[in-house]
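S.K.: Below: one structure in C-alpha cells.
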Amino acid sequence: MEKLKYERPVIKKLNAGLMNKFGTRSEYAPVTHIEGVSVKGMIEQYGSPVFVLVERQIRKNYQNAVRAFKTRYPKVQFAWSYKTNYINAICNIFHQEGSWAEVVSMFEYQKAIQNGVPSQKIIFNGPEKTTADLTIAIDGDSLIHIDHFDELYELVELSEKLDKKARVAIRVNMDTGIYPMWDRFGFNYESGQAWNAITKIMASTHLELVGLHAHIGTFMLTTSAYAIAAAKLSDLAVNIRHYYHRPIQYLDLGGGFPSANTLKGSYLSGADIIPSIDEFAEAITNTILNYGYRTDELPTLVLETGRALIDDAGYLLGTVVANKRLSDGRRATIMDFGVNLLFTSFWYEHKITPAQEFGHQTEDMVLYGPLCMNIDVVRETINLPLLHKGDHVVVHKVGAYNMTQWMQFIHMRPNVLLIDTKGETHIIRRNETLETINSLEEMPTHLKNFHL
Ligand SMILES: *Cc1c(COP(=O)(O)O)cnc(C)c1O
C-alpha cells in the first residue's frame, strides 16, 4: 500500500457565528459619534482614514493610574513612554499632568527637549546610545539607564573626560515567571551580572548610581511578575545600602501593563481578563513597603506605563472600499486602512463597529486593508452587519504604537485629530502629501529628463 502523504495539521479557532456564550451578535449599536463629535462629519472634513484621540480619556487614564499608586505609596513619578505615541500634543497632555519623559533614542530625547521637558526629567533607556547621545545626556544631567557593559565603560570614560558626574541607573532583567524571558535588555539578576555592574559603577568616581530599572515585558497579564521584579530590585537596593551605605533614590518598574485590547487567539475579550491598574499597584507597592527600607529612605517609585494609558483613547475612522466573495465563499470587505496604519492588528483583534445604522443580517467576514500585499489583513474573521461601499467604521483602542509604527508604504499617513475636553476638534498631525515625501528626495542631474 502506498504510504499516505503527510499533511501539516492546522489548528483554527472556530467562529461559528451562531449562539455562543456572549450571544449571537457581536455589535448592537452603531458608533456614530465620538465624544459627541460626528464620525461622518470628521471624515468629511479631515478625510478617510483618520486617527482620533480623546483628551478627556487620556487625562482620565493618567489620573486613575496616579491615584492607584499614590494612594498606596508616598513617592510616585510617571514618565511618558515616547515610543508609545510621540505626537507632541499627546506628550504634552502627559507633561501637563506631571509626567516626565521616557525615551529610547536621541530623536525621542530631542522631541522631549523641544516639548519643554527639563533634561533632568528625561529617562534615557535603550540598547543603542551613541557617544554623542551619551555626551548630551551627561551634559543635561539626564537619567541614563545603562543597558550593557560596553555602555557602562563608555560612560566611565566620557564622564571623566567631561569631568562631570553622570546620573545613572542600570536596567535589570530577571526571571519573573514569564517566558520567554526578556533577557536581551539590561543586566541579568540571577547570574550576578547586575551586581557586577553595580560594583563597577560604585567604584567609579564619576558615576552616581541613582536608580534601578526593570521593564519585564509588555501586555503582562499577571501582577505577580511585578511583585517578583520589585522584590529583586529591592534586594539589590538593600545590598547597595548595606555594602556602600548609600540609599537608592528610585526604583523604576517600567511599563507593560496591558490595555483592554483582545489578544489574537484569546477566547475571552481583553476587558474580561486584564488585571486593573489598582491590582498592579497593589502587587508592586506591597512588595516595596514590606521590604524593610527605612521610612526616610523609601525610594521613589517610577513608572513608564505606555499602552495602558493611551490605547483606549485612540480611534481609527475608515471607509469601506468594496465587498467581494473569496473562492471559498467567504465574504471579504476591503477597507481604506490596513496594516500600514494598524500595526497592532498583527497581534490584536481590534473591535470594529459600523458608524451608521445597519440591517439585521450579519455574516462572518475577512477585513482587508487597501495595500497590494497579501498580509494586509485587519481581521481574519469578524462577525459584522453587512457593510456597503462608502459605509464608515470605527476601530477602537488604537492609541498605542500605531502612530509611531505606521508605515508610509503605498499610502501616505493620514491626519491625526484630537478632541479636546470641550469637544473641540484639532488637527495634531497633518496628513502627509506628495510634497512631504518629495521634499526629502534628491534627483541627480543625469536622471532629471527622459523621453518616452
Ligand atoms: C516600550 C517601553 C515602555 C512602555 O511599555 P508599555 O508596554 O507600552 O507600557 C516602558 N519602558 C521601556 C523601557 C520601554 O521600552
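The values are calculated or read from the model by the stated rules, or taken from the named source; none is laboratory data. Just so it is clear, the model here is predicted, and its values are computed rather than measured. Virtual Cβ from ideal backbone geometry, glycine too; neighbours counted across all protein chains shown.
S.K.: Can you tell me which of (1) within 16 Å of the ligand (Cβ to nearest atom); (2) at pLDDT below 95; (3) of a type in the set (Ser, Thr, Tyr) is the one residue 250 doesn't meet?
M.R.: (2)
S.K.: Condition first: among the small types (Gly, Ala, Ser) and either away from the ligand (no atom under 16 Å from the Cβ) or not assigned by TED's automatic domain parsing to the domain that holds residue 295 (or both). Now tell me which residues in region 61-96 satisfy that.
M.R.: 89 - this is the single residue of region 61-96 that is among the small types (Gly, Ala, Ser) and either away from the ligand (no atom under 16 Å from the Cβ) or not assigned by TED's automatic domain parsing to the domain that holds residue 295 (or both).
S.K.: Okay, moving on. At pLDDT 95 or above, assigned to a helix (DSSP H, G or I) and outside the structural domain of residue 398 (by TED's automatic domain parsing): does that describe residue 287? Don't jump to the end; show me each part of the working.
M.R.: Working: at pLDDT 95 or above: yes; assigned to a helix (DSSP H, G or I): yes; outside the structural domain of residue 398 (by TED's automatic domain parsing): yes.
Criteria met by residue 287.
S.K.: Mind listing whichever residues of region 145-183 are part of a helix (DSSP H, G or I) and within 16 Å of the ligand (Cβ to nearest atom)?
M.R.: Pass one, region 145-183, residues part of a helix (DSSP H, G or I): 149-162.
Answer for region 145-183, where residues must be part of a helix (DSSP H, G or I) and within 16 Å of the ligand (Cβ to nearest atom): just 151.
S.K.: Scan region 347-376 residue by residue and report those that are among the aliphatic types (A, V, I, L, M), assigned to a strand (DSSP E or B) and buried (at least 18 other Cβ atoms within 10 Å of the Cβ).
M.R.: 352, 365, 367
S.K.: Still on this structure, I have one more. Tell me, please, whether a residue that is among the acidic types (Asp, Glu), surrounded by 14 or more Cβ atoms within 10 Å (Cβ to Cβ) and touching a residue at least 40 places away in the same chain (Cβ under 8 Å) can be found in region 128-143.
M.R.: no
S.K.: Quick check: is even one residue across region 356-373 in contact with a helix residue (DSSP H, G or I) (Cβ under 8 Å, 6 or more places away or on another chain) and either within 16 Å of the ligand (Cβ to nearest atom) or not polar (S, T, N, Q) (or both)?
M.R.: no
S.K.: Name the helices (runs of 4 or more DSSP H) wholly inside region 33-135 in which the number of residues that are touching a Ser or Thr at 6+ places or on another chain (Cβ under 6 Å) is 2 or more.
M.R.: 55-70
S.K.: So, in region 253-284, exactly how many residues are at pLDDT below 95, in contact with a helix residue (DSSP H, G or I) (Cβ under 6 Å, 6 or more places away or on another chain) and acidic (Asp, Glu)?
M.R.: Matching residues across region 253-284 total 0.
S.K.: Inspect all residues belonging to region 130-140 and state whether any of them is within 16 Å of the ligand (Cβ to nearest atom) and more than 21 Å from the chain's Cα centre (by Cα).
M.R.: The answer is yes; a qualifying residue exists.
S.K.: Could you go through region 23-45 and let me know if any residue there is modelled with pLDDT under 95 and of a type in the set (A, V, I, L, M).
M.R.: Scanning region 23-45, I find at least one residue that is modelled with pLDDT under 95 and of a type in the set (A, V, I, L, M), so the answer is yes.
S.K.: Looking at this structure, is residue 339 outside the structural domain of residue 81 (by TED's automatic domain parsing) and under 28 Å from the mean Cα position of the chain (by Cα)?
M.R.: Yes.
S.K.: In addition: Out of all the residues in region 271-312, which are within 20 Å of the chain's Cα centre (by Cα), more than 16 Å from the ligand (Cβ to nearest atom) and in contact (Cβ under 8 Å) with a residue 40 or more places away in the chain?
M.R.: 273, 278
S.K.: For region 102-133, which residues satisfy the criterion of being under 17 Å from residue 168 (Cβ atoms) and either assigned by TED's automatic domain parsing to the domain that holds residue 404 or touching a strand residue (DSSP E or B) at 6+ places or on another chain (Cβ under 7 Å) (or both)?
M.R.: 102, 103, 109, 121, 122, 123, 124, 125
S.K.: OK, next. Among the residues that make up region 205-226, is at least one of them farther than 28 Å from residue 157 by Cα, within 16 Å of the ligand (Cβ to nearest atom), at pLDDT 95 or above and not hydrophobic (A, V, I, L, M, F, W, C)?
M.R.: Yes: one or more hits.
S.K.: Name the pairs: first residue in region 187-199 and among the acidic types (Asp, Glu), second residue surrounded by fewer than 18 Cβ atoms within 10 Å (Cβ to Cβ) and not in a helix (DSSP H, G or I), Cβ to Cβ under 9 Å, at least 6 apart or on different chains?
M.R.: If the second residue must be surrounded by fewer than 18 Cβ atoms within 10 Å (Cβ to Cβ) and not in a helix (DSSP H, G or I), the pairs left are 190/175.
S.K.: Give the number of residues within region 144-159 that are more than 28 Å from the chain's Cα centre (by Cα) and in contact (Cβ under 8 Å) with a residue 24 or more places away in the chain.
M.R.: Result for region 144-159: 4.
S.K.: Kindly indicate whether any position in region 314-331 is within 16 Å of the ligand (Cβ to nearest atom), within 15 Å of the chain's Cα centre (by Cα), under 27 Å from residue 266 (Cα atoms) and surrounded by 24 or more Cβ atoms within 10 Å (Cβ to Cβ).
M.R.: yes
S.K.: Now, a different point. Residues in region 186-197: is at least one within 14 Å of the ligand (Cβ to nearest atom), part of a loop (DSSP other than H, G, I, E, B) and touching a Lys or Arg at 6+ places or on another chain (Cβ under 8 Å)?
M.R.: Looking for residues that are within 14 Å of the ligand (Cβ to nearest atom), part of a loop (DSSP other than H, G, I, E, B) and touching a Lys or Arg at 6+ places or on another chain (Cβ under 8 Å), one finds at least one in region 186-197, hence yes.
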